[in-house]
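Down below is the structure, laid out as structure tokens.
The values are calculated or read from the model by the stated rules, or taken from the named source; none is laboratory data. Keep in mind that what you see is a predicted model, and the values were worked out from it rather than measured. A quick note on method: Cβ atoms are made from the backbone with ideal geometry, for glycine too, and the neighbour counts reach across all protein chains shown.
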Amino acid sequence: MPFTENHFPEFFNIAPPTIDMTKIKINDTTGHPSLAVGAVVFKEQRVLLVKRGNAPAKGMWAIPGGRVELGETLKQAAAREILEETGIRIKAGKPVYSFEIIERDKTGNIRFHYYIVDLACECEDGQIKPGDDAIDAQWISEKELNHLQINPETRKLLRQKYGFG
């Protein structure tokens, strides 16, 4: 039997919020949240990180990754993005962490809205060569991590899920 206003009248008398969409400006060209993926890759007690060349988190070290393309699985996107950004071939595994980024400009307009899913990955082969929007890529030790400007979500992920840093 479906629930009706006779069962829970207090829920059916709530007016939805009114949002004037003409007042909201979005600088992100998609006009809606984007799905992105990151790859958490360890090799010889070091984690693979990139120094981001573009916003969000421009100039900070972070888990490599990027947008998922239409028709691409999370694992396919992770493998493609990591190869493009670092020159490293990976085998993508299961999701280990997810978070959302909503970045606004000085006037409050939305610049970026990403939902990011980080996957545990294994390094298969390759030599580090920064590419795409990564201005640097390195295998970072736990000791080195403390001396770099690390994206807060990357630091949280590495500490909570891996006890690293």
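Can you find a residue in the range 73-93 that is in contact (Cβ under 8 Å) with a residue 40 or more places away in the chain, in contact with a Cys (Cβ under 9 Å, 6 or more places away or on another chain) and in a loop (DSSP other than H, G, I, E, B)?
yes
What are the residues in the range 99-132 that are surrounded by 14 or more Cβ atoms within 10 Å (Cβ to Cβ), under 20 Å from Lys75 (Cα atoms) and within 14 Å of the chain's Cα centre (by Cα), if any?
Phe99, Tyr114, Tyr115, Ile116, Val117, Asp118, Leu119, Ala120
Could you list, in sequence order, the residues of the range 114-165 that are assigned to a loop (DSSP other than H, G, I, E, B) and touching a residue at least 40 places away in the same chain (Cβ under 8 Å)?
Hits for the range 114-165 are Gly126, Gln127, Ile128, Lys129, Pro130, Gly131, Asp132, Asp133, Leu148, Gln149, Asn151, Phe164.
Assuming His32 fulfils every condition listed in (1) within 16 Å of Gly126 (Cβ to Cβ); (2) touching a residue at least 60 places away in the same chain (Cβ under 8 Å); (3) loosely packed, with under 15 Cβ neighbours inside 10 Å apart from one, which condition is it?
(1)
When the residues of the range 44-82 are filtered to those that are closer than 21 Å to Phe164 by Cα and touching a Phe, Trp or Tyr at 6+ places or on another chain (Cβ under 8 Å), which remaining residue is surrounded by the fewest Cβ atoms within 10 Å (Cβ to Cβ)?
Once the filter is applied, the top-ranked residue is Glu44.
Does any residue of the range 85-97 turn out to be surrounded by fewer than 18 Cβ atoms within 10 Å (Cβ to Cβ), closer than 15 Å to Gly65 by Cβ and among the β-branched types (Val, Ile, Thr)?
Within the range 85-97 (the criterion being surrounded by fewer than 18 Cβ atoms within 10 Å (Cβ to Cβ), closer than 15 Å to Gly65 by Cβ and among the β-branched types (Val, Ile, Thr)), the answer is yes, since at least one residue qualifies.
Which of the residues spanning the range 38-65 are under 16 Å from Asp136 (Cβ atoms), small (Gly, Ala, Ser) and modelled with pLDDT of 95 or more?
Within the range 38-65, Ala62, Gly65 meet the criteria.
Just the residues that are farther than 15 Å from Gly59 by Cβ and among the charged types (D, E, K, R), please, taken from the range 124-152.
Glu124, Asp125, Lys129, Asp132, Glu142, Lys143, Glu144
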